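Worksheet: one structure, shown below.
Quick note: the coordinates plus some simple rules give every number you see, no bench work behind them. Source: prediction; values computed, not measured. Cβ placement follows ideal geometry from the backbone for every residue including glycine, while neighbour counts extend to all protein chains displayed.
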Amino acid sequence: MSQHKPIRRKTALDIQAMKGRDPIVSLTAYHAHTASILDPHVDFLLVGDSLGMVMHGFETTIPVTLDMMILQGHAVMRGSKQALVVIDMPFGSYEASPEEAFRSAARIMKETGCGAIKMEGGTRMADTIRFLVDRGIPVMGHVGLTPQAINTMGGFRVQGREREQWPTIEADARAVADAGAFAMVVEGVAEPLAVEITRSVAVPTIGIGASRECDGQILVLEDMLGLSARVPKFVKRYGDVAGEIEKAVTGFVEDVRARRFPSNEFTYALKGE
Ligand code: KIV
């Protein structure tokens, strides 16, 4: 009789234990189908609130709701088996108080079955991170460029280009780690600052537009696939999916116009003729 070993999903603790070992690999996912393609290759999948821009064409992540995150979180859980699934807390669902954050995070975890949530913010969110971790919710932090703060940051600007900015950002990273986050995204910060943060915190740093020396890297899937219309400068394109879609659609249009579709082999004849 064949014995199947059940596939064990990675946990927040597995990711935390990867600090100083092999680089952690992660991509965003919003659909079951893409999640199932990515799942065997990544350590964790992030259902990022970037879905507001990628899937819905919003200019920022601000309009994204808890219901949107839960719906896509479900899809990614259904499509994946082994990767840890982390779901972003959207703007307005956690900032008002630790209690509000707990209610939102508990809803995400109960309704999707995901293994962790992510929230933006450093020192100002430390008490909330501790409140959640103490109550059984694994939290991934997010420091540096925090897109939900775009209206107070004045745009998607690289952080820490001037050394005077470093102490605040380093303090943010330390506060997130000390509050019990199992890992943190370090987004859009000057390279040497990302290296410094990675050296100084005990939990893994996941870089995006930061440094190759971070403990892991994450990209928005559609950006690296060549599907997004606009991508940040640092993104390497690993494919030309927009070009492939264009090619396939053009082929379909030509077939329809030339009445080559559906091809004769696949039209259904009447029974008995
Ligand atoms: O929402 C998102 O996709 C993110 C990544 C850019 C880290 O937060």
- Using 0.36 nm per residue of separation minus the Cα-Cα distance, give me the extension gain between Leu270 and Arg237 in nm, one decimal. 7.0 nm
- Message: Could you tell me what a quarter of the Cα convex hull surface of segment 1-152 works out to, in nm² with one decimal place?
- Response: 10.4 nm²
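Quick one: dipole size for segment 177-273, taken about the Cα centre, charges +1 on Lys/Arg Cβ and -1 on Asp/Glu Cβ, in debye to the nearest 20.
The calculation lands at about 340 debye.
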- Fewest first, what order do Met69, Met18, Met119, Met77 take by the number of other Cβ atoms within 10 Å? Met18, Met77, Met119, Met69
- So for the pair Leu13, Val253, with labels modelled 7 Å out along Cα→Cβ, what separation do we get in nm? 5.5 nm
- Item | Cα centroid separation - segment 197-226 against segment 1-53, whole Å | 15 Å
- Query: Going by how many other beta carbons lie within 10 Å of each one, how would you line up Leu66, Leu193, Leu221, Leu71, fewest first?
  - Reply: Leu71, Leu66, Leu193, Leu221
- Mind pulling the per residue volume of the convex hull built on the Cα atoms of the chain? Å³ is fine. 185 Å³
- Item | Angle between the chain longest axis and helix 166-178 axis [Cα atoms, degrees, rounded to 10] | 80 degrees
- Query: Just going by the charge dipole of segment 55-152, with Lys and Arg at +1 and Asp and Glu at -1 on Cβ, which of Tyr94, His74, Gly144 is farthest out on the positive end?
  - Reply: His74
- Give me the percent of DSSP beta bridges within the chain that run antiparallel, rounded to the nearest 5. 5 percent
- With only Lys, Arg, Asp and Glu charged, each at its Cβ (+1 for the first two, -1 for the last two), find how big the charge dipole of the chain is about the Cα centre; round to the nearest 20 debye. 600 debye
- Between Glu164 and Glu99, with labels modelled 7 Å along Cα→Cβ, what's the label distance in nm to one decimal, could you check? 4.1 nm
- Item | Rounded, prolate or oblate (a/c below 1.5 giving rounded, otherwise prolate when a/b exceeds b/c) for segment 101-169 by Cα gyration tensor | prolate
- Note on the structure: When Tyr238, Tyr30 are arranged by how many other beta-carbons sit within 10 Å of their Cβ, fewest first, they go Tyr238, Tyr30
- Summing -39500 (n - 2.57) over every DSSP H run of at least 4 in the chain, dividing by its residue total and rounding to the nearest 500, the 222 nm mean residue ellipticity is -10500 deg cm²/dmol
